[in-house]
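The values are calculated or read from the model by the stated rules, or taken from the named source; none is laboratory data. Quick caveat: nothing in here was measured; it's all calculated off a predicted structure. Don't worry about glycine lacking a Cβ; one is built from the backbone with ideal geometry, like all the others, and counts go over all protein chains shown. These area figures cover heavy atoms from the full protein model, side chains too; ligands, DNA and RNA do not enter into them. Shrake-Rupley method; radii C 1.70, N 1.55, O 1.52, S 1.80 Å.
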Amino acid sequence: MSAEAMSLPTSKPRQPAGLFVLAGSEMWERFSFYGVRSLLVLYLVEALQYSRSDALSVYGMYTGSAFFCAIVGGWLADRFLGQRRAVVLGMLLMMAGHVALGLDQPVGLALGLLAVGTGLFKPTTTAMVGALYTPDDARRQGGYTVFYMGINIGAALSALIGGYLAQHYGWGYGFMAAAVGMAIGMVVFMAGWRWLPAVAAPAPGPARAAWTDARARRRIQVILMMSLVAICFYLGYEQAAGAMTLFVRDHVSPQFLGFELTAAQFLAVNPVLVILLAPLSARLLSRLDWPEFRVQGLGMLVLGASFVLLHMLQGRAAQGEVIPAWMMVGVIGVQTAAELLVIPIGLAVVSRYAPAGWAATLMGAWMLAKAAAGFLAGQLYGWLLPTGLSLYAVLTAVCLAGGLLLIALSGALRRYAGMP
C-alpha cells in the first residue's frame, strides 16, 4: 500500500481504545509544542530584541535539538526505560520548560527542557500506536490517520489560543497555556493507562538479532535512507514558523474572511487544512495505490512548487505591495498537500517495517531528519544573506532534488527491502 497512514478509518472493525488515548495525549502535547513553535521567533524578535538572523538561528537550534533528542529518547525507551515511563518523563520535562518560558527564566534552560522532553515523548508515542496492531492488521492505516488528526487539532488550537493570549495579555500567558495543555495531555495518558500497549523495555538481544538478519537489516537501511532524504522536505517545511512567519508579519494583510489574524495565528491555517483535506487525500491515494516512496517524492515536488509561489510573492513585497491574506493561505494550502503526501506515510513505513526492538529507535531516526533540517532551516537565512541568493529559490531546488531522487529510487528501495 502506498498510503499506510492515510486511509480513512472505517466503522468495522473498531479501533483499539488505546489509539484514542495516544491520539488525545499527542493532541495536547502538540498543543504545547506548537504553542511554543508559533511564538518563539516573534518572542525573540519583539520581546528580547534579537536580530532576525539570530532569532531564526535560535529557532533552528531548538527544533534541531528537540528532534535530535528523539533518536536518543527512542533508544532509551526501547532499551532501558520502557515506553510508558519514557512518555511520562518526557511530559514532565516539557511542562517544566513551558513554565520556565512563562516565568521569564533563561531561554536556553527552557528550550533545553523542552527539547529533552520532546525527545522522550515524540518517537515513543508514535511507535506505541504501531504496537496496538499486529503486522497485518488492516486497522493500522486508519489508526495513523486518527493519530495524525490529533496532532493537527492540537497544532491548530495552539496557534489560535496561544497567539491570542500572547497578543492580548502578554507572552507569558501564551507560554503558560502550553504548560496547561501539557498537563491535560498527561491526565489523558494516565487515565488511559490500562488501554496502552504493554511494551516493556526489551533486552538488547532482539535488536542484535534483527541486525544480523539480512532482510531485517536491509529494511533498517532503507528506513534510514528514507529519513535522510526527508531532510530535503523538512528543510522547507520548518520555514513555516521561522522565515515565513516573519514574512507574514511584515508583508501580509492580516484580514482574512472577516477576521484579523496575527502572524502566529496564521500557523493555524496548516493544521486546519490538514484536518479538512486528510480524508480526501486518503481516498485519492488509496485508489491510486502508488508505492510509498513515489508518493513521498511527489510530495517533495509539490513543496518545491510552493516555494516558487513564495519567491513570486517576495518579489511583489519588495516593491512595497501588501500581500493579500488569501494568497498566503493558498501557499500554505499547497504546502499542506505536500505534507499529506510525505509525513504520515513516512510514519507508517517506519511502523510497519521496523524490525523487533527497533520501532522507537527508527522512529527517532526519522525525527533525526527533522533535527538536522530544523537546525539547517534556522541557519539558512543567515548563510544566504551575504550571498544575495533567494531563500525560496534555494529551497525550491533542494525540494525538487530530493523528490526526484525518491521517485527514481522508489522501485529499487522496495525490492532491496523486500517490501510487498
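Filtering segment 19-60 to residues that are open to solvent by 20 Å² or more (accessible area, probe 1.4 Å), closer than 22 Å to ALA371 by Cβ and among the hydrophobic types (A, V, I, L, M, F, W, C) leaves only VAL58.
Any residue that is within 12 Å of ALA178 (Cβ to Cβ), out of contact with any strand residue (DSSP E or B) (no Cβ under 8 Å at 6 or more places or on another chain) and surrounded by fewer than 22 Cβ atoms within 10 Å (Cβ to Cβ) - is there at least one of those in segment 72-95? No, segment 72-95 contains no residue that is within 12 Å of ALA178 (Cβ to Cβ), out of contact with any strand residue (DSSP E or B) (no Cβ under 8 Å at 6 or more places or on another chain) and surrounded by fewer than 22 Cβ atoms within 10 Å (Cβ to Cβ).
For (1) within 21 Å of the chain's Cα centre (by Cα); (2) of a type outside the set (A, V, I, L, M, F, W, C), each residue gets a yes or a no:
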{"residue": "ALA77", "(1), (2)": "yes, no"}
{"residue": "GLN83", "(1), (2)": "yes, yes"}
{"residue": "VAL99", "(1), (2)": "no, no"}
{"residue": "LEU109", "(1), (2)": "no, no"}
{"residue": "GLY112", "(1), (2)": "yes, yes"}
{"residue": "VAL116", "(1), (2)": "yes, no"}
{"residue": "LYS122", "(1), (2)": "yes, yes"}
{"residue": "ALA131", "(1), (2)": "yes, no"}
{"residue": "ASP137", "(1), (2)": "no, yes"}
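Number of residues in segment 362-389 that are more than 23 Å from the chain's Cα centre (by Cα), among the hydrophobic types (A, V, I, L, M, F, W, C) and open to solvent by 30 Å² or more (accessible area, probe 1.4 Å) equals 3. Looking at the structure I just gave you, is PHE293 among the aromatic types (Phe, Trp, Tyr) and over 21 Å from GLY242 (Cβ atoms)? Yes, satisfied. Exactly one residue out of ALA417, ALA359 is buried (at least 24 other Cβ atoms within 10 Å of the Cβ) and modelled with pLDDT under 85: that is ALA359. Go through the residues of segment 265-278 one by one and say whether even a single one is polar (S, T, N, Q), assigned to a helix (DSSP H, G or I) and open to solvent by 50 Å² or more (accessible area, probe 1.4 Å). No, the conditions are met nowhere in segment 265-278. Within the option set PRO355, PRO344, being out of contact with any Cys (no Cβ under 8 Å at 6 or more places or on another chain), in a loop (DSSP other than H, G, I, E, B) and either farther than 18 Å from VAL295 by Cα or not small (Gly, Ala, Ser) (or both) holds for one residue only, PRO355. Residue count for segment 323-352, restricted to those that are of a type outside the set (D, E, K, R) and open to solvent by 10 Å² or more (accessible area, probe 1.4 Å): 14. The condition (being modelled with pLDDT under 90, in contact with a helix residue (DSSP H, G or I) (Cβ under 7 Å, 6 or more places away or on another chain) and of a type in the set (Val, Ile, Thr)) is satisfied by just one residue among ILE332, ILE407, ILE345: ILE345.
Of the candidates TYR169, TYR173, the single residue that is without any contact (Cβ under 8 Å) to a residue 12 or more places away in the chain, out of contact with any Asp or Glu (no Cβ under 9 Å at 6 or more places or on another chain) and more than 30 Å from PRO279 (Cβ to Cβ) is TYR169.
When LEU298, LEU303, LEU313 are screened for being surrounded by 17 or more Cβ atoms within 10 Å (Cβ to Cβ), modelled with pLDDT of 80 or more, part of a helix (DSSP H, G or I) and touching a Cys at 6+ places or on another chain (Cβ under 6 Å), only LEU303 passes. Being of a type in the set (A, V, I, L, M), open to solvent by 10 Å² or more (accessible area, probe 1.4 Å), more than 30 Å from ARG14 (Cα to Cα) and in contact (Cβ under 8 Å) with a residue 60 or more places away in the chain holds for only one residue in ILE184, ILE161, and it is ILE161. Here PHE121 does not qualify as aromatic (Phe, Trp, Tyr) and either free of Cβ contacts under 8 Å to residues at least 40 places away in the same chain or over 27 Å from VAL274 (Cβ atoms) (or both). Tell me whether segment 112-125 contains one or more residues that are open to solvent by 10 Å² or more (accessible area, probe 1.4 Å) and part of a loop (DSSP other than H, G, I, E, B). Looking through segment 112-125, none of the residues is open to solvent by 10 Å² or more (accessible area, probe 1.4 Å) and part of a loop (DSSP other than H, G, I, E, B).
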